[in-house]
Every structure is written in structure tokens, then in C-alpha cells.
Amino acid sequence: MYTNLKEGEKLRLEKSANLMGRKAAIGGELLVTSSRVIFEPGSLDMDTGIISIPLENIMETSLVKILGFIPNGIELKLKTGEKYRFAVWNRKEILSLIENQNK
């Protein structure tokens, strides 16, 4: 984990994940904290940068199929209209954690 947690912020989950882009998947770690969802790219993809999404900016979460048929994706839709898709295992557990933190 590269990200420094903010004062009072607690790490709830850390899982291997791929950030699904238009042209390629970027491997890394997906972290869920008490206040954010964070994607940290692996050492080979550090030029991508760390993505930090405050939970209050997440408008909608959903289960998606990666490549249209692999049932291992989650999508986070932000209030800004941006969407992030991640390929992860145990996706229901992750979405449940995000949704419950966001209440």
C-alpha cells in the first residue's frame, strides 16, 4: 500500500484488481477505507497514478461482466458522470462494503 491514510481513516479491505480501461487493463490493488475507494497501480504501471475516490462521490455501484461475459467486475459511477470498472474476485463482498460505508 502506497497511500497514506488520513487521520481517523481505517483500511477495511485490500484486494488485487485490474482497472479496466478502453485499451488495456492495469493491474494493481483496490483498497476500501472508511472514507475512500483507492486504486493503486502495480509497479509496472505507476505512470497511471493512484486513483482516490471519496465515498460521498459515488452515486451508484453495480456488478458487471468484464469483456461482456466474465462475471468478475464492479462499476463505480460517480456524481460527476465518471465511471470506473474494476475486475476483482469476491465482488459482492467489495460492493457490499462500499455501499455500507457510504451510508
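Computed from the coordinates by the stated procedures, all read-outs in this text should not be read as laboratory data. Please read these numbers as outputs of a predicted model, since none were measured by experiment. Glycine also receives a Cβ, built like all others from the backbone with ideal geometry; neighbour counts cover every protein chain displayed.
For Ser35, nonlocal amide neighbours, meaning residues 5 or more places apart or on other chains whose placed amide H falls under 5 Å from its own, are Lys10.
Kirkwood radius for the chain, taken over all pairs of different Cα atoms as the inverse mean of 1/r, rounds to 13.7 Å. The packing ranking, built from the mean of other Cβ atoms within 10 Å per residue, places the peptides 28-41, 60-73 in the order 28-41, 60-73, highest first.
Look at the alpha carbon pairs under 8 Å that are at least 6 residues apart: their mean separation over the length of the chain gives a relative contact order of 22 percent.
Charge dipole of segment 1-67 (Cα centre as origin; +1 on each Lys and Arg Cβ, -1 on each Asp and Glu Cβ, all else neutral): 240 debye, rounded to the nearest 20. Ranking Trp89, Ser34, Phe69 by how far each Cα lies toward the positive end of the dipole of segment 11-101 (charges on Cβ) leaves Phe69 at the top. Straight-distance candidates among the aspartates and glutamates for linking to Lys65, with alpha-carbon spacing under 17 Å and chain neighbours fewer than 8 residues away dropped: Glu75, Glu93.
The calculated FRET efficiency for the pair Leu13 and Thr48, based on their C-beta separation and a Förster distance of 35 Å, comes to about 0.95.
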